[in-house]
Amino acid sequence: MAPARAVGGDLYDFFPLKDGKVGIAIGDVSDKSVSAALFMALFSSLLRVEAKRANNPREVFRQVNNHLLERNETGMFVTAVYGVLDVSTGEYSYARAGHEVPILIDPNGRPFTPEQGIGQPLCIFPEPEIDVQKVQISPGHTLLLYTDGITDATNLKNLRFGLERLVNSSRLKNVLSAQELCDQIIGDIQTFQGHQPQFDDMTLVAIHRRG
């Protein structure tokens with residue numbers, strides 16, 4: 001995570017669930033600075049509470065959405081992906097609420113984008129459309145979750161880093177660990193930006209299954 005200001009409105013989180021499974025989330029609040037950070041802290045707390053109650057990511061988002069609507073006096077909203085990773089099988093079952101679609105990178109660096117349905121942000125509609133999908137992370141594969149600050153990063157020529165550069169950056173470094181991959185992709189983006197000020201928070205999560 002690389003915030004655009006002293007504090008940011010992005011989130012990533014990992015937490016243990018029952019039966020050896022892991023909850024993995026990423027999110028992005030519609031604003032920046034302190035107000036966005038406070039809203040994201042509320043979202044994060046609610047997500048953890050509801051994730052302990054239900055293994056269904058769609059239901060988790062629906063309950064979190066209800067709580068947020070009761071407490072939102074700022075007009076902000078949040079996009080997010082939350083899913084349950086079965087560590088033994090590599091299956092990641094997730095819900096997507098208006099967020100960027102995950103990217104699966106195979107051992108040869110080839111990208112695969114999972115199917116997607118309608119996914120609306122949380123804290124706007126009483127009953128938002130939630131996109132529910134499953135993706136299989138096979139040995140040697142890496143799943144990337146990211147916020148739009150990653151692909152929307154621009155340089156002095158006003159060119160976007162974009163999805164293609166993100167995939168290429170992942171392809172060149174697919175033999176690294178998940179943490180090293182994240183660190184080096186962020187480094188690639190910062191090199192691409194040069195002296196252009198960072199406009200948005202950048203957050204990246206890599207889930208790598210060793211071959």
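The values are calculated or read from the model by the stated rules, or taken from the named source; none is laboratory data. Keep in mind it's a predicted model, so treat the numbers as computed, not measured. Every residue, glycine as well, gets a Cβ built from its backbone with ideal geometry; the counts of neighbours run over all protein chains shown. Protein only, heavy atoms only, side chains kept; ligands, DNA and RNA dropped before computing areas. Shrake-Rupley method; radii C 1.70, N 1.55, O 1.52, S 1.80 Å.
Name every residue in segment 1-18 that is modelled with pLDDT of 80 or more and within 14 Å of SER30 (Cα to Cα), in order of residue number. Residues satisfying the conditions are GLY9, ASP10, LEU11. Could you please find all residues in segment 35-62 being assigned to a helix (DSSP H, G or I), free of Cβ contacts under 8 Å to residues at least 40 places away in the same chain, open to solvent by less than 60 Å² (accessible area, probe 1.4 Å) and not β-branched (Val, Ile, Thr)? Passing the criteria: ALA37, PHE39, MET40, ALA41, LEU42, SER44, LEU46, LEU47, GLU50, ALA51.
When residues of segment 1-23 are filtered for being more than 20 Å from PHE77 (Cα to Cα) and within 16 Å of the chain's Cα centre (by Cα), how many remain? The qualifying residues number 5.
Checking the condition within 18 Å of GLU100 (Cα to Cα) and not aliphatic (A, V, I, L, M), which residue from ARG58, ARG53, ARG48 passes?
Values: ARG53 fails: within 18 Å of GLU100 (Cα to Cα); ARG48 fails: within 18 Å of GLU100 (Cα to Cα).
Of ARG58, ARG53, ARG48, the one residue that is within 18 Å of GLU100 (Cα to Cα) and not aliphatic (A, V, I, L, M) is ARG58.
The set of residues from segment 1-34 being outside any loop (DSSP other than H, G, I, E, B) and open to solvent by 50 Å² or more (accessible area, probe 1.4 Å) comprises TYR12, PHE14, PRO16, LYS18, ASP19, GLY20, LYS21, VAL34. Applying the set (1) loosely packed, with under 15 Cβ neighbours inside 10 Å; (2) over 18 Å from the mean Cα position of the chain (by Cα) to GLY117 leaves exactly one unmet item: (2). Of the helices (runs of 4 or more DSSP H) contained entirely in segment 121-205, those carrying at least 2 residues that are out of contact with any helix residue (DSSP H, G or I) (no Cβ under 6 Å at 6 or more places or on another chain), within 22 Å of PHE15 (Cβ to Cβ) and open to solvent by less than 50 Å² (accessible area, probe 1.4 Å) fall at 178-193. Please verify whether segment 94-113 includes one or more residues that are out of contact with any Ser or Thr (no Cβ under 6 Å at 6 or more places or on another chain), open to solvent by less than 10 Å² (accessible area, probe 1.4 Å) and over 17 Å from ASP28 (Cβ atoms). Yes, segment 94-113 has at least one match. Screening the candidates ASP86, ASP31, ASP10 for the property of being farther than 23 Å from ILE137 by Cα and touching a residue at least 60 places away in the same chain (Cβ under 8 Å) yields one hit, ASP10.
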